[in-house]
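Contents: one structure, followed by commentary.
The values are calculated or read from the model by the stated rules, or taken from the named source; none is laboratory data. What you are looking at is a predicted structure, and each value in this text was computed from that prediction instead of being measured. Glycine also receives a Cβ, built like all others from the backbone with ideal geometry; neighbour counts cover every protein chain displayed.
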Protein chains: 2
Amino acid sequence: MAKVSAKLAAMPTLSATSPEQLRKLSVNQLPDFCKEVARCVLGATAEKEGHIVSSLAVTELTVALHYAFNTPGDILIWDVGHQAYIHKALTGRSEQFQTNRQKGGISGFTARAESVFDPFGAGHSSTSISAIGGFAEAARLQKVMRKHIAVIGDGAITGGMAFEALNHLGTSNLDILLILNDNEESIDTNVGGLHEFQSYKDFFESLGWGYQGPVNGHDVANLVRIFEKEQTREGTRVLHVKTKKHPISLWRKPFEVEDSSQPKQTSFIAYQDIFAKALIELAYTDSRIVVISPAMLSGSSLNIFKQKFPERTFDVGIAEQHSVTFAAGLAASGLKPLVHLYSTFAQRGYDQIIHDVALQNLPVVFVLDRAGLVGEDGATHHGAFDLSFLNPIPNLQILAPMDGAELQSMLAYAFAQNSPVVIRYPRGGEQHESTEVHAIKTSSFRILKDGEKVVVVSLGTIGKMVQRAIQDLPVGHIDLRFLKPWDDGALEAALQPYQYIVSIEDGSMRGGLRDTLAHWLIKRAPEKKFHGMGLPDVFVQHGTLKELNQELGLNEERLQRLLAQVLGS
Amino acid sequence: MAKVSAKLAAMPTLSATSPEQLRKLSVNQLPDFCKEVARCVLGATAEKEGHIVSSLAVTELTVALHYAFNTPGDILIWDVGHQAYIHKALTGRSEQFQTNRQKGGISGFTARAESVFDPFGAGHSSTSISAIGGFAEAARLQKVMRKHIAVIGDGAITGGMAFEALNHLGTSNLDILLILNDNEESIDTNVGGLHEFQSYKDFFESLGWGYQGPVNGHDVANLVRIFEKEQTREGTRVLHVKTKKHPISLWRKPFEVEDSSQPKQTSFIAYQDIFAKALIELAYTDSRIVVISPAMLSGSSLNIFKQKFPERTFDVGIAEQHSVTFAAGLAASGLKPLVHLYSTFAQRGYDQIIHDVALQNLPVVFVLDRAGLVGEDGATHHGAFDLSFLNPIPNLQILAPMDGAELQSMLAYAFAQNSPVVIRYPRGGEQHESTEVHAIKTSSFRILKDGEKVVVVSLGTIGKMVQRAIQDLPVGHIDLRFLKPWDDGALEAALQPYQYIVSIEDGSMRGGLRDTLAHWLIKRAPEKKFHGMGLPDVFVQHGTLKELNQELGLNEERLQRLLAQVLGS
């Protein structure tokens, strides 16, 4: 990142770094200012194209909004904060932009703690209409005069909670201007009836919202004119704005930077690619296997699967609830559906996992990617809770592979079950591709190393850190594989030689492996000592994985220090 | 229930107890048969009016569907199974109807395990479109010829997952007939733009669904004609059917039965009424308090609150996700929102509780009613998981009152916090109204009784059972009040005199109080013995609370037996 910062130091200061300064420009100056602010943001960021182009596409819209409305007195909420980089630069954060998504720096999303210009934070999609409704209703009750604006993408509008909010608020007569930022994409190309039939006008009007548009989202002067008229309008209404996500290359002058966040190593293979390849192989042998993804085909490498099996691949849009119950229907009809979810978004389908899949004991395979810490995306995106919230669900098997070979084996295992199975793995990958697939038995675990007094029981890829930490220590290591179910007798025998057990997981320890094992030990081996390592009961902020694990004590050094204490005692 | 069964014994047998028999009747005979089957169902049930009238209102629709379509070969899915009593009677379960919602008897909802005519179970609303989509997609892939029909109420259509499914499936060209059963009510009067503007045609068409209707849902012959035409139609399409929920008194002949499920005692007061009264008092003193309910105002006694404070009461429709984030917006704007949810439906707002409320540390009060076992509603409705899934959420305080006085005290406590608080209590109530409200401190617990060797640590109203069980035993009792946070030092001191700790909770022990306390004991008092009581890791079926608690060992007798063993050892 040092490279990027150095470039930024050479950047000219923005001619307006706050809405107040912006409003002193004439409308004629705005087109040039839009270019200026876009280049500023582009030059200062060195991360994923998806977030940058989303923000750059709303440059003119952002400038026009802050120019015409009286933010922060007027309330402006961005749905999924990664549209909001221009907004951030314009609201006093241009100087800090070099710290974007870095530990201690500004967040990649809007965040209440960061600025009065961020009245509501968002990393998950489709929340903005509910939130702006709350602000508008509060203003009515408190008799505060202000305008309320939310900006939502055409991808995010497919999320069910957006509809719930539209339907409820459509009869409220509240003063809400909803801007539909229609770039015809979420992260992948958008899907669904609304998008395909471009029937937004009928849709919004059917729910009681006024409709205006579509208008060109890159004509800043026209947007300012529209927003100035909006000052005197009231009621729930939608402005449909068309924007284009330009490829980043069009913007990339004069601040040429490279994406340096992922070291390019030819032998490196991501878990998501291991998963997708293994799934394709299984799908060739079992025609009942079908795949459902809520708008995350490329983020999950399932776009490769789609190329091979287009009719067996379902991108349902940003629609986690539907994705799970749709899979339940497929399973009830004899197919073998796999639902792919980022761990943090699985929270959106929680009731459906319980009520539609587990209760009916349907054989749906859930693959949770981005489990554990995700790094720079931060608190909204860490997969910190999945082990804990899945743990109490009856009929569910919960597995976490320690490496790519195990991931492949577990996938084969999962499709062989007649009941629901979760496999969760983190962001990242490993150096050497493995194809060593082996049969896994229910409740089986792996004794990876024998030791004397202490044994580390790990779940998931964090076991690789354990291996490195203990290679020269007389410490045992068990890779648990399953959070549940367990083979009590076998586990008891495996732990029998040890006086001290250390559990380690990359999720919340509260209700996760730690607490589960603690209770198990009290019942079965109360004489043993126990210590749990994992995520504490706080929201973890953003930073690199290395920095976060260091801060949380989830690295080799801290594990070794703990083990030294135990071995010395 | 004996009274009801006796009446049933005198009932005439239905002239058709299966779709096969039904199809032998002529269309002219159907109106009379509708009356016959409705009376049969009515006579055989002695429970809540809400469910019966929902089912009776679709008598003609149900008869016409089974008459015209080839169930169970054709797939018919009912959204929220309590519309499905007539369907059950017609599909071989009329003889068992007297066992409806009784332990070991048939379920109050559709259930896959119960009949081939129930291809998909449902107790929570808005799932049917996703599910029928799964069946239809599976049929296309498997090249099976059959028709696919789902019936959804105008209340359930407001749930976000219904929209997610409509939007996704609207471009699918699958053969799905969706019947909108529009009785203009969910449990309360329906709300939202769709209902208010009766804009269903535009709404469905905007998402790519054909639309037909509205038609009279009580003209069975006409419904049969329509369905026969539907045999040759394809694509995703909606039939809008208008039905009336007649007051039950119109049907109540000749099988007059009384609701005998709740003993009528004048001094009995339900927790939900204690809650609503206490909330009204608090709302008089703090004008920032507002209330949000997803279509459950009467089920929560908040209709009383609405009478007093109509402008501060928000029924958002069946829309749990929106309800939580709408509250987050209100809180971010300076108000003190309370979101009322049934525990089981809180699963629908899980991501929003984490991402929109807890992460932003907004002071929203969540009141979870129907926590723990609910009895006759069974597996889909037990509030079995809330303690476990809320437990890992940072910033959240989780409380459970032991009685009505504690409930009132906790409500006052919750509104005094600057962070989110959950209060959860079960169905039911108590004999004597209490108004003794006292100040509660964070992390405080109550030592209700001293003992010698053993102490029972209880959370919530199950503590009253503990009190009865141990009144003559030398056993201590602590009412924990908080699942989190805890005052470690104070709790350590309180447990210090005891060698044996028994925890008891009315939720899943996995990830709940049991596991949390087990880990705490290992770290702080490893010499103590421990036993947890609560719900096991299985889905609990339906029955009376007494029967279920007996089966699960959550009653005085079983606790006393355990304590006798411990005291004797």
Report yes if some residue within the stretch A:169-186 is part of a helix (DSSP H, G or I) and either within 24 Å of residue A:377 (Cβ to Cβ) or under 17 Å from the mean Cα position of the chain (by Cα) (or both); otherwise report no.
no
Checked against (1) under 25 Å from residue B:242 (Cβ atoms); (2) within 14 Å of chain A (Cβ to nearest Cβ); (3) assigned to a helix (DSSP H, G or I), residue B:149 satisfies every condition except (3)
Considering only residues that are surrounded by fewer than 18 Cβ atoms within 10 Å (Cβ to Cβ), within 20 Å of the chain's Cα centre (by Cα) and in a loop (DSSP other than H, G, I, E, B), which ones fall in the stretch A:522-556?
A:536, A:537, A:538, A:541, A:544
Please enumerate the residues belonging to the stretch A:501-522 that are within 14 Å of residue A:390 (Cα to Cα) and of a type outside the set (Gly, Ala, Ser).
A:509, A:510, A:513, A:515, A:516
Residue that is farthest from residue A:537 (Cα to Cα), among those in the stretch B:386-397 that are surrounded by 24 or more Cβ atoms within 10 Å (Cβ to Cβ) and touching a helix residue (DSSP H, G or I) at 6+ places or on another chain (Cβ under 7 Å)
B:386
Which condition breaks for residue B:474 when tested against (1) within 14 Å of another protein chain (Cβ to nearest Cβ); (2) in contact with an Asp or Glu (Cβ under 6 Å, 6 or more places away or on another chain); (3) farther than 30 Å from residue B:279 by Cα?
(1)
Report, by residue number, each residue of the stretch A:452-477 that is surrounded by fewer than 19 Cβ atoms within 10 Å (Cβ to Cβ) and more than 20 Å from residue A:512 (Cβ to Cβ).
A:452, A:453, A:467, A:468, A:471, A:472, A:473, A:474
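For residues that are within 29 Å of residue B:154 (Cα to Cα) and among the charged types (D, E, K, R), scanning just the stretch A:152-187, find the one that is nearest to the other protein chains (Cβ to nearest Cβ).
Step by step, filter the stretch A:152-187, then rank; the result is A:164.
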Output the number of residues of the stretch B:344-399 satisfying the condition of being more than 11 Å from every other protein chain (Cβ to nearest Cβ), part of a loop (DSSP other than H, G, I, E, B) and of a type in the set (A, V, I, L, M).
3
Give just the number: which of (1) out of contact with any strand residue (DSSP E or B) (no Cβ under 8 Å at 6 or more places or on another chain); (2) free of Cβ contacts under 8 Å to residues at least 12 places away in the same chain; (3) of a type outside the set (Val, Ile, Thr) does residue A:519 not satisfy?
(1)
Of the numbered conditions (1) within 14 Å of chain B (Cβ to nearest Cβ); (2) under 27 Å from residue A:38 (Cβ atoms); (3) assigned to a loop (DSSP other than H, G, I, E, B), residue A:240 fails exactly one; give the number of that condition.
(3)
In the stretch A:95-141, residue modelled with the lowest pLDDT [restricted to those that are of a type in the set (D, E, K, R) and buried (at least 22 other Cβ atoms within 10 Å of the Cβ)]
A:101
Of these, B:479, B:515, B:487, B:506, which one is among the charged types (D, E, K, R) and either at the interface with another protein chain (Cβ under 10 Å from one of its Cβ atoms) or more than 20 Å from residue B:399 (Cα to Cα) (or both)?
B:515
What are the residues in the stretch B:267-284 that are in contact with a strand residue (DSSP E or B) (Cβ under 8 Å, 6 or more places away or on another chain) and not in a loop (DSSP other than H, G, I, E, B), if any?
B:269, B:270, B:271, B:272, B:273, B:274, B:275, B:279, B:282, B:283
From the residues in the stretch A:423-450 that are outside any loop (DSSP other than H, G, I, E, B) and within 16 Å of residue A:277 (Cα to Cα), which one is modelled with the highest pLDDT?
A:423
If I filter the stretch A:203-229 down to residues being surrounded by fewer than 18 Cβ atoms within 10 Å (Cβ to Cβ) and without any contact (Cβ under 8 Å) to a residue 12 or more places away in the chain, which single residue comes out as nearest to the other protein chains (Cβ to nearest Cβ)?
A:229
So, of the residues in the stretch A:79-137 that are within 13 Å of chain B (Cβ to nearest Cβ) and hydroxyl-bearing (Ser, Thr, Tyr), which turns out to be farthest from residue A:542 (Cα to Cα)?
A:130
Cβ-Cβ under 7 Å pairs, at least 6 apart or on other chains, the stretch B:57-73 side closer than 15 Å to residue B:17 by Cα, far side of a type in the set (Lys, Arg):
B:67/B:23
What's the total number of residues in the stretch B:50-73 that are of a type outside the set (Gly, Ala, Ser) and either under 16 Å from residue B:123 (Cα atoms) or in contact with a strand residue (DSSP E or B) (Cβ under 7 Å, 6 or more places away or on another chain) (or both)?
6
